[in-house]
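These notes concern the structure reproduced below.
The values are calculated or read from the model by the stated rules, or taken from the named source; none is laboratory data. None of these values were measured; they are calculated from a predicted model. Here the Cβ is made from the backbone with ideal geometry for all residues, glycine too, and neighbour counts use every protein chain on show.
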Amino acid sequence: MFELIAFYTFSILVIGMFGIVVFSKNALYSMTALAGGMIFISGFYFLLGADFLGVVQIVVYTGAVMAVYAFGMMFFDTTRDIKENIKFKKIIYTLSLLSAMFIIFILLAPVYSFRVEALYPTIKGVGNIQMIGLILFTKYLVPFELAAIMLLAAMIAGIVLVKVKMEETPSNIEVAKGEK
Amino acid sequence: MNETALIIETVIKAVIGLAVIAGMGAFATFIERKVLAFMQRRLGPMHVGPYGLLQLAADGIKLFTKEDIIPQNVVKPIFILAPVVGVTSAFVAIAAVPYFPQFTLFGYTIHPIISDINVGLLFVMGAASVGMYGPLLAGLSSHNKWALLGGARAVIQLLSFEVVSGLSILAPLMMIGSLSLIDINDFQIGGITNWLVWKQPLAFVLFAIAGFAETNRTPFDLIEFEAEIVSGYATEYSGMRWGLFFVGEYANMITISALVSIIFMGGYNPLWIIPGAIMMLLKVSFWIFLFLWVRAAWPHVRPDQLMWVCWKVLMPLALINILITGIVLV
């Protein structure tokens, strides 16, 4: 019973939060609702007994949405509403509604017809982390390593892009200006 | 029926935990003023009650009865939400921290932990880092340049310490093989020589430094540094809303102290003739004292110095530590 109450509470919260993300005109509301929604999603993982994934959801999205905030801070006056430049409201709403329904249909059709079952059902007595580790390092080893290489490449690219200005700490810049 | 009993037990534990930690946090503010005064050859609060002990009550009355000011151009819902986020995440984090060994009361065994999930440590770290949203939201919604600067500093602070704290505890976790704080505690049973601090001194130092950054304590309290940005994110706050931020900060300090004690300093295992619960209290008190001591003894760092030290010094050290631990374990 409590599980059901928790599920519906989290569902309403998550849907409400992401609703605010889409419909709000204030960047600050949207970003805060995004962070809230991401954290509330972890509730579902906890309900399903996937503690590790739930915590990872919180940890990863705290940092990720924090970076979005940093951009929001640089690009917008977050205390003011943003003027949206939408010319063809009806077409946009119809198309987005249709595409949303289409995606829901695509995702739900196999669930409805096959009664999907878990490929790797949880085993009692084996921890979350051990099970994820077993699957990641046996069946999904190649995609896992590929993802690691991709992230490494992205990191090196990021460092190379900003490397030019890396040695210019504020004090160095002032010294350079003084010399001129 | 069993489920209902579990819910009731959890609720009781949560209420007790909340009350005790909030009380300890309030008391820590008094201790902080006394310790700082002692180190600076002052007396500190002396007028209210014996040795100024009732200053605590006076401060509480002041905070609760102050007029609640919400400035004109703020984003009101977010402005109200920000202190609540800060304090809630600090208290959610304590849900997975075991403070004492289990004991029996009226023939009923009590585990003094609100929820023993098997990834306890990660949960505590994650929930505590959500706490940085408090200053960030306050800074962004305040419509004040000092507050905005404080919020910007909160972002770089999170992005700096998160990496160090995560990587530094990875090495001890590799030795223990579990993320549950109870397992981590049980790994160190049997005397001082079994404490992890002797096997992982580097990780211990790194985690302590990251802990200081996480709780915005002095060498890294750049998001509310008076001399540079007035009061940072809290510039526009007054009364109890301002108080909530500080209850959250002190709750975070207690959590970090408990984490360091459990991971590196033997946790709640009894030592010699001192029972485990007392040991835990002593260690947490020592860490709180250390937080205050550092505040009295060290100057602040600049934001760019914090990023420099975290990414260029501490992170490589943590990685080397993990590498060496891995080689030794294999």
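Worth a mention:
- Set B:193, B:215, B:109: member being away from chain A (no Cβ under 14 Å), in contact with a strand residue (DSSP E or B) (Cβ under 8 Å, 6 or more places away or on another chain) and of a type in the set (Ser, Thr, Tyr): B:109
- Among the numbered conditions (1) within 7 Å of chain A (Cβ to nearest Cβ); (2) farther than 30 Å from residue B:72 by Cβ; (3) surrounded by fewer than 24 Cβ atoms within 10 Å (Cβ to Cβ); (4) small (Gly, Ala, Ser), the only one that residue B:152 does not meet is (2).
- Residue B:98 fulfils the conditions (1) of a type outside the set (A, V, I, L, M, F, W, C); (2) within 19 Å of residue A:39 (Cα to Cα); (3) touching a helix residue (DSSP H, G or I) at 6+ places or on another chain (Cβ under 6 Å) except for a single criterion, (2).
- Residue match in segment A:48-70 (condition: closer than 17 Å to residue B:157 by Cα, more than 12 Å from the chain's Cα centre (by Cα) and more than 8 Å from chain B (Cβ to nearest Cβ)): no
- Residue pairs meeting the criteria (Cβ under 8 Å; at least 6 apart or on separate chains; first without any contact (Cβ under 8 Å) to a residue 12 or more places away in the chain, in segment B:51-72; second in a loop (DSSP other than H, G, I, E, B) and surrounded by 14 or more Cβ atoms within 10 Å (Cβ to Cβ)): B:54/B:48; B:57/B:48; B:58/B:48
- Sole exception among (1) buried (at least 20 other Cβ atoms within 10 Å of the Cβ); (2) over 30 Å from residue A:26 (Cα atoms) for residue B:79, by number: (2)
- Complete set of residues in segment B:106-149 that are surrounded by fewer than 24 Cβ atoms within 10 Å (Cβ to Cβ) and farther than 30 Å from residue A:132 by Cα: B:106, B:107, B:108, B:109, B:110, B:143, B:144, B:145, B:146, B:148, B:149
- Counted as qualifying within segment B:269-330 are the helices (runs of 4 or more DSSP H) with 1 or more residues that are away from chain A (no Cβ under 14 Å), over 20 Å from residue B:169 (Cβ atoms) and without any contact (Cβ under 8 Å) to a residue 40 or more places away in the chain, namely B:276-297.
- Failed item, numbered, when residue B:98 is tested on (1) within 11 Å of another protein chain (Cβ to nearest Cβ); (2) part of a loop (DSSP other than H, G, I, E, B); (3) within 17 Å of the chain's Cα centre (by Cα); (4) not aromatic (Phe, Trp, Tyr): (1)
- Here the condition is being within 8 Å of chain A (Cβ to nearest Cβ) and either over 16 Å from residue B:255 (Cβ atoms) or free of Cβ contacts under 8 Å to residues at least 12 places away in the same chain (or both); of B:178, B:160, B:142, it holds for B:178 alone.
- Selection over segment B:77-87 of residues that are β-branched (Val, Ile, Thr) and either in contact with a His (Cβ under 8 Å, 6 or more places away or on another chain) or more than 11 Å from chain A (Cβ to nearest Cβ) (or both) gives a count of 3.
- Put simply, of B:117, B:113 the only residue that is out of contact with any Pro (no Cβ under 6 Å at 6 or more places or on another chain), assigned to a loop (DSSP other than H, G, I, E, B) and over 26 Å from residue B:302 (Cβ atoms) is B:117.
- Put simply, of B:167, B:158, B:137, B:149 the only residue that is under 15 Å from the mean Cα position of the chain (by Cα) and assigned to a helix (DSSP H, G or I) is B:158.
- Among residues of segment B:59-76 being in a loop (DSSP other than H, G, I, E, B) and within 12 Å of another protein chain (Cβ to nearest Cβ), the one that is surrounded by the fewest Cβ atoms within 10 Å (Cβ to Cβ) is B:72.
- Some residue of segment B:251-266 being part of a helix (DSSP H, G or I), closer than 19 Å to residue B:139 by Cβ and at pLDDT 85 or above: yes
- Checking each residue of segment B:116-137 against the condition of being more than 9 Å from every other protein chain (Cβ to nearest Cβ) and touching a Lys or Arg at 6+ places or on another chain (Cβ under 7 Å) gives no match.
- Residues that are among the hydrophobic types (A, V, I, L, M, F, W, C), over 22 Å from residue A:50 (Cα atoms) and at pLDDT below 90 do occur in segment A:134-155.
- Counted residues, segment A:84-116 - those being of a type in the set (D, E, K, R) and modelled with pLDDT under 70: 1
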